[in-house]
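The values are calculated or read from the model by the stated rules, or taken from the named source; none is laboratory data. Please read these numbers as outputs of a predicted model, since none were measured by experiment. Backbone-built Cβ (ideal geometry, glycine too); neighbour counts: all protein chains shown.
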Amino acid sequence: MPALSPSADLADPDDLARCRSLLASGSLTFALASRFLPREVRDPATALYAFCRVADDAIDGGDDPTAALAVLHWRLDAIYRGEPLDHAPDRAFAQVVRDHAIPRELPAALLEGFAWDAERRQYETLADLEAYAARVAGTVGAMMALLMGAREPLVLARACDLGVAMQLTNIARDVGEDARAGRLYLPHAWMREAGIEPGAWLERPAFSAALGQVIERLLAAADACYARALTGIAHLPRSCRPSMQAAGRLYAEIGRELERRGLDSVNQRAVVAWARKGGCAARALLASLATPRAIASDDPSPATRFLVEAAVAAAWLPRGADGGEAPRGFIERIVWMLDLFERLERRDREAVGLS
C-alpha cells in the first residue's frame with residue numbers, strides 16, 4: 001500500500017472552514033476524531049462527513065423524508081456532474097469526488113440506508129441487517145479507505161467489514177434506546193428462535209435472558225467482522241493505522257463491556273471504563289507499528305460486494321511518499337477523546353429525547 005503525501009488538490013479553505021464549523025456544532029465526535037488523522041486525509045474526510053451530516057439532518061429533521069431524499073439525490077447528481085449547488089458541503093464533497101474518484105454508488109448507497117431508516121424498515125435475518133449496515137456504515141468505511149489511498153479489493157473489503165462491525169456493535173448497544181424511538185434492528189428470525197415476538201416486544205420493550213442471547217449472537221457477528229477488518233488496517237498508510245486500529249479495537253470493546261453487564265442494553269448503555277480504553281489504545285498503537293500480517297483473504301461479504309466492486313472500478317492512482325509516524329501522545333489523546341465522545345453522544349441523545 002503506497003503511503004500518503006500532502007496534496008495540493010484540497011477543497012477551498014473557506015468551504016473546509018464552513019464544513020468544520022458545521023461538524024463542530026452538529027458532529028462534535030467527528031470534529032475531534034478527525035484531529036488524529038493526517039491532514040491529507042483529515043481535510044477530505046471533513047468534507048465527506050459534512051455532506052453525510054447534511055444528508056442525515058435533511059431526512060431526520062424534515063416532515064417529508066421522501067421529498068428530502070429526492071432533493072439529496074438531485075444534489076448528488078449535481079456533484080457528480082461537477083456542478084455542485086452553492087453550498088460549502090456540496091462544493092467540498094465535489095472536490096473530494098474529483099480528487100479521489102469516489103464512485104457515485106457509494107454515497108448513493110448511503111442515501112439508500114437513510115431511506116431505510118426513514119421508513120422504519122425492520123430486518124428478518126442477519127443477512128438483511130448486514131445489507132443495512134453495509135449502506136449506512138460500510139459505505140463510509142469504503143470511502144474513508146479511498147481517501148487513504150486504498151484500491152486493493154481485499155483492503156477495501158476489510159474497510160467495509162469495519163464499518164459493518166461498528167454498526168452491528170451500535171445496534172447491540174442501543175437496543176433499548178432504539179426501541180423507545182420505535183425502532184427495532186435485531187434480526188426478527190433470531191428473536192423468534194429465542195421465543196420473542198418482535199412486534200409485541202417493540203410495544204413493550206424489556207430485557208430478558210432470551211433477548212440477551214440474541215444480543216450475544218449479534219456481538220459474535222460483529223466480532224467476526226472486526227477480526228477480518230483489523231488485518232486490512234495493517235495495509236493502510238502508516239500514518240492512518242493508529243487511529244483506525246484504535247477505532248476498531250475500542251469499538252469492539254463496547255461489546256466486551258456489554259457482556260460484562262449481562263448483555264442488558266435495554267435498561268442501560270454500555271460505557272467502556274477509562275482504564276480499559278487505555279489498554280485498548282496501547283494495544284492499537286503497538287499493532288499499528290508492527291509488521292503487517294497477511295490480510296484476510298475472504299472475499300467481500302454478499303452485503304458489501306457491490307461497494308467493493310464499485311470502488312475498484314473507479315480509476316484513481318494514489319500518490320506515494322512517506323506517511324509519517326504516529327502522533328505523539330497517541331494513547332493519552334485517544335483515550336481522552338473517546339471518553340469525551342461518550343459524554344458528547346449522550347448529551348446529543350438527551351437533546352433529542354432518546355435517553
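Looking at Ala200, Ala229, which one is of a type in the set (A, V, I, L, M), within 18 Å of the chain's Cα centre (by Cα) and closer than 23 Å to Tyr132 by Cβ?
Result: Ala229 is the single residue among Ala200, Ala229 that is of a type in the set (A, V, I, L, M), within 18 Å of the chain's Cα centre (by Cα) and closer than 23 Å to Tyr132 by Cβ.
Would you please name the residue that is modelled with the lowest pLDDT, looking only at residues in the stretch 296-323 that are closer than 17 Å to Met148 by Cα and of a type in the set (Val, Ile, Thr)?
Val312
Is it fair to say Leu111 is at pLDDT 95 or above, within 22 Å of His235 (Cβ to Cβ) and assigned to a helix (DSSP H, G or I)?
No.
Okay, residues lined up against (1) more than 21 Å from Val312 (Cβ to Cβ); (2) hydrophobic (A, V, I, L, M, F, W, C); (3) surrounded by fewer than 22 Cβ atoms within 10 Å (Cβ to Cβ):
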{"site": "Ala68", "(1), (2), (3)": "yes, yes, yes"}
{"site": "Ala78", "(1), (2), (3)": "yes, yes, yes"}
{"site": "Asp86", "(1), (2), (3)": "yes, no, yes"}
{"site": "Ile102", "(1), (2), (3)": "no, yes, no"}
{"site": "Glu105", "(1), (2), (3)": "no, no, yes"}
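Looking at Tyr132, Tyr123, which is the one that is assigned to a loop (DSSP other than H, G, I, E, B) and within 20 Å of Gly182 (Cα to Cα)?
The match here is Tyr123.
Here is a list of conditions, (1) touching a Lys or Arg at 6+ places or on another chain (Cβ under 9 Å); (2) at pLDDT 80 or above; (3) under 26 Å from Tyr132 (Cα atoms), and His235 meets all of them except one; can you say which number that is?
So His235 meets the others, but not (3).
If we only count helices (runs of 4 or more DSSP H) wholly inside the stretch 170-256, which ones have 2 or more residues that are in contact with a Ser or Thr (Cβ under 8 Å, 6 or more places away or on another chain), closer than 28 Å to Arg121 by Cα and without any contact (Cβ under 8 Å) to a residue 60 or more places away in the chain?
Result: 209-233.
Would the stretch 63-78 turn up any residue that is farther than 30 Å from Glu197 by Cα and outside any helix (DSSP H, G or I)?
yes
Counting only residues that are crowded, with 24+ Cβ neighbours inside 10 Å and at pLDDT below 85, how many does the stretch 242-271 have?
Qualifying residue count for the region: 6.
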